[in-house]
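First up is the structure itself, then whatever we jot down about it.
The values are calculated or read from the model by the stated rules, or taken from the named source; none is laboratory data. No experiment lies behind these values; they were computed from the predicted model shown. Heads up, the Cβs are rebuilt from the backbone with ideal geometry, glycines too, and the neighbour counts pull from every protein chain shown. Ligands, DNA and RNA are excluded from the accessible area calculation, which covers all protein heavy atoms including side chains. Shrake-Rupley method; radii C 1.70, N 1.55, O 1.52, S 1.80 Å.
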Amino acid sequence: MDDFGTDSVTYSITSIDPDCVPVYPEENTKEDTESKINTKDMSHDESMRRILWFAAVLNEMARTMREQDLLSDEELKSMLYTIDDEAVALKKRLSQDHLLSPEIYFAINTPDAQSNALIKSVEVWRRLGFFASSLRTIVQNGGLPAISMTKASTTLVPYYNETVIPTLESLEESTSEGVNVLDLLRAISPMEFNNFLQRIQTNDLEIGKNDATEIERFAAFRSQTLLRTASGLAYYERMLQLLGKLADALNQNTILDAELAKQLLEAPLQDHTSYELSPPIDYAKFAQLKYTIVLSCQIFGEMRDAPEKSAKRLQAEQIEGIMRQYPTSIRVAYIDKKISSSGSGEIVYASVLVKWDPEQEKLIEIYRIVLPGNFLIGEAKPSNQNASMIFTRGDAIQAIDMNQSGFFEEYLKFPFFLNTSFGNLADEGPKIAGHREHIFTNEVSSLSSFMSMQESLFVTSTQRILDKTHARFHYGHPDFFGRIAAMTCGGMAKASRGINLSEDIFGGFNFALRGGRATQSDLIQVGKGKDIGFLQISTFLGKISQGNAEQLLSRDVYRLNNQTDIFRHMTIVW
């Protein structure tokens, strides 16, 4: 594929300067990037292609925010780039005068009162601010890779029995204090709830059982649920499809016609035959080659076999619904238990991978690997992860927990992050690459605010210090592991019962003892939910304390103490 959008990267959100747009070079050298950033003799057509490319990305980002009810229809309109209708009617060749910039990006340079009047959501401003500031790192380090050269990766999500999508009955059930979850969500996110009502075209008085599915999804995206996690991760597939579409569309000479440019800005992921390549490229399959999500649900088979209308059967149906929504990216791995056909009565265990087939409209089995026995011989979560690693592919595996989620705009930076982190594995050895998290449960209660502050400190400042002193390990998700190293060096975590209670950090110990390194980057952020109740927080801190005590008894810590130099040793001890 001839990739457009592969020249150099800088960023300007207030007005799109053709010299300041994320387009990347085939030769990713710093000198080449700087020369292209500083050039002033760019042709008009090349300038407009760069501008149109970035405008399409920003428009799609705004649409995903509307889908999440962070924006109202009016606020969405204030964030979209459009083409002048007169230019479209007269079929003019596109120029910068014909591209109408959104109101919001002009308001950024005005007093807070005016800009806040346009966009009321603090979360939207936070995401825009981080996205704008973090792109500078890409500029200073040579730009993004060509789309076709992006490293392939898999995200592995361990799941056991957590909430997939809350039911309307559970949302309306009152607690001992006389408050239900739905009323609590309305109180915490009143603007988002009003945006939600506007999206489903109803009002608060009329909302009822007919809107049950939409209400459940609204609540799921504001809770720590599997739907929120899976949908956030699937944005990377959508970003890859968008980048591929833009690469081909903007290489067509006709794309600078005002009418086709307007189509691209309004619906970039749709097929526009006016500029489609021959033969056309299936970007869903292209994205599937670059990215896969594996939900490691060890009891999914038991859930499907559960009685009708039982809680487990409902969870299985909800998981199938998620697979139906994202058929090209989401797979489910589980452990199947069957009585041996030999007549011995022995139970045969197998690790199975399934996907949703849109043509047959049912789940189909992709792989079945017979295991030598019961896989669950230690801690449950690491056993669940390691049993599903055989179904991953690509250069890197991302570990994502059930309480996390992704942001669409952050996935624009993933190709750069993956290629810089896992580009020279032969020279660097085993590698773990982590990035920062944003705690989205900080406003639920005073306790959750405290947990949010201490967790934010740990995933930012503390991680930076540990990275610089080469003393960082794996502290949980959302770290990326070098896939081959993880599969051949004992997995992403250790699973012996008791001693590996803090299972994640032993994955970091394992890599460090084999000459590897765990790094930290502030380029990308993902969402993360933390405990919000006193009992939950107490249980979590208790587990951390017990895990730390068990670490002191482990061979891994003994070997680290004996094999590291004095400076790194003192850092680890600290």
Any residue in the stretch 482-500 that's under 15 Å from Arg555 (Cα atoms): show its pairings with residues that are hydroxyl-bearing (Ser, Thr, Tyr) and open to solvent by less than 50 Å² (accessible area, probe 1.4 Å) at Cβ separation under 6 Å, as long as the two are six or more apart or on different chains.
Ala495/Ser383; Ile499/Ser554
Going by the structure shown, is Glu410 out of contact with any strand residue (DSSP E or B) (no Cβ under 8 Å at 6 or more places or on another chain) and among the acidic types (Asp, Glu)?
no
Suppose we filter Met61, Met79, Met48 for residues that are over 26 Å from the mean Cα position of the chain (by Cα), at pLDDT 80 or above, open to solvent by less than 30 Å² (accessible area, probe 1.4 Å) and under 20 Å from Ala261 (Cα atoms); which single one remains?
Met48
Out of the stretch 279-318, which residues are closer than 16 Å to Tyr236 by Cα and among the aromatic types (Phe, Trp, Tyr)?
Tyr283, Phe286, Tyr291
Which residue, of Met451, Met492, is in a loop (DSSP other than H, G, I, E, B) and touching a strand residue (DSSP E or B) at 6+ places or on another chain (Cβ under 8 Å)?
Met492
Pick from the stretch 200-214 the residues that are open to solvent by less than 90 Å² (accessible area, probe 1.4 Å) and outside any helix (DSSP H, G or I): which of them is farthest from Glu67 (Cα to Cα)?
Gly208
Please enumerate the residues belonging to the stretch 146-161 that are within 19 Å of the chain's Cα centre (by Cα) and not small (Gly, Ala, Ser).
Ile147, Thr150, Lys151, Thr154, Thr155, Leu156, Val157, Pro158, Tyr159
Do you know which residues across the stretch 343-354 are open to solvent by 20 Å² or more (accessible area, probe 1.4 Å) and touching a strand residue (DSSP E or B) at 6+ places or on another chain (Cβ under 9 Å)?
Gly345, Glu346, Ile347, Val348, Tyr349
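Taking the condition of being among the small types (Gly, Ala, Ser) and either touching a residue at least 60 places away in the same chain (Cβ under 8 Å) or in contact with an Asp or Glu (Cβ under 8 Å, 6 or more places away or on another chain) (or both), how many residues in the stretch 322-338 meet it? Explain how you work it out, then say what you get.
Start the filter on the stretch 322-338 by keeping residues that are among the small types (Gly, Ala, Ser), which leaves 329, 333.
Narrowing the set further to residues that are either touching a residue at least 60 places away in the same chain (Cβ under 8 Å) or in contact with an Asp or Glu (Cβ under 8 Å, 6 or more places away or on another chain) (or both) leaves 329.
Counting residues in the stretch 322-338 that are among the small types (Gly, Ala, Ser) and either touching a residue at least 60 places away in the same chain (Cβ under 8 Å) or in contact with an Asp or Glu (Cβ under 8 Å, 6 or more places away or on another chain) (or both) gives 1.
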Single residue of Leu246, Leu197, Leu242 found to be assigned to a helix (DSSP H, G or I) and under 27 Å from Ile397 (Cβ atoms):
Leu242
Unmet criterion (only one of (1) over 28 Å from Ser134 (Cα atoms); (2) buried (at least 19 other Cβ atoms within 10 Å of the Cβ); (3) among the acidic types (Asp, Glu)) for Glu437:
(1)
Criterion (at pLDDT 80 or above and either open to solvent by 60 Å² or more (accessible area, probe 1.4 Å) or in contact with a strand residue (DSSP E or B) (Cβ under 6 Å, 6 or more places away or on another chain) (or both)) met by exactly one of Asp112, Asp69, Asp41, Asp73:
Asp73
For the stretch 506-515, which residues satisfy the criterion of being in contact with a Pro (Cβ under 8 Å, 6 or more places away or on another chain), surrounded by fewer than 20 Cβ atoms within 10 Å (Cβ to Cβ) and at pLDDT 85 or above?
Arg514
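Of the residues Gly143, Gly178, Gly232, which single one is at pLDDT below 85, open to solvent by less than 30 Å² (accessible area, probe 1.4 Å) and not acidic (Asp, Glu)?
Matching residue, one of Gly143, Gly178, Gly232: Gly143.
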Mind checking whether some residue in the stretch 496-505 is at pLDDT below 85, outside any helix (DSSP H, G or I), open to solvent by 60 Å² or more (accessible area, probe 1.4 Å) and of a type outside the set (Gly, Ala, Ser)?
yes
Inspect the stretch 218-226 for any residue being buried (at least 16 other Cβ atoms within 10 Å of the Cβ), of a type in the set (D, E, K, R) and in contact (Cβ under 8 Å) with a residue 60 or more places away in the chain and give the result as yes or no.
no
Take Glu259 and tell me if it is touching a residue at least 60 places away in the same chain (Cβ under 8 Å) and outside any helix (DSSP H, G or I).
no
Taking into account only those residues within the stretch 247-283 that are open to solvent by 30 Å² or more (accessible area, probe 1.4 Å) and among the hydrophobic types (A, V, I, L, M, F, W, C), which is modelled with the highest pLDDT?
Leu269
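Let me confirm something: among Leu135, Leu156, which residue is out of contact with any strand residue (DSSP E or B) (no Cβ under 7 Å at 6 or more places or on another chain) and surrounded by 21 or more Cβ atoms within 10 Å (Cβ to Cβ)? Step through it out loud before you land on a result.
Working: Leu156 fails: out of contact with any strand residue (DSSP E or B) (no Cβ under 7 Å at 6 or more places or on another chain).
Answer to the check: Leu135.
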Looking at the stretch 421-428, can you tell me whether even one residue there is closer than 25 Å to Lys494 by Cβ and open to solvent by 50 Å² or more (accessible area, probe 1.4 Å)?
yes
May I ask you to list the residues in the stretch 450-485 that are open to solvent by 10 Å² or more (accessible area, probe 1.4 Å) and at pLDDT below 80?
His477
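Going by what's in this entry, would Val370 be described as loosely packed, with under 15 Cβ neighbours inside 10 Å, more than 22 Å from Leu227 (Cβ to Cβ) and of a type in the set (A, V, I, L, M)?
Working: loosely packed, with under 15 Cβ neighbours inside 10 Å: yes; more than 22 Å from Leu227 (Cβ to Cβ): yes; of a type in the set (A, V, I, L, M): yes.
Yes.
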Condition broken by Phe407, with the remaining ones in (1) open to solvent by 10 Å² or more (accessible area, probe 1.4 Å); (2) within 26 Å of the chain's Cα centre (by Cα); (3) more than 18 Å from Leu233 (Cβ to Cβ) satisfied:
(3)
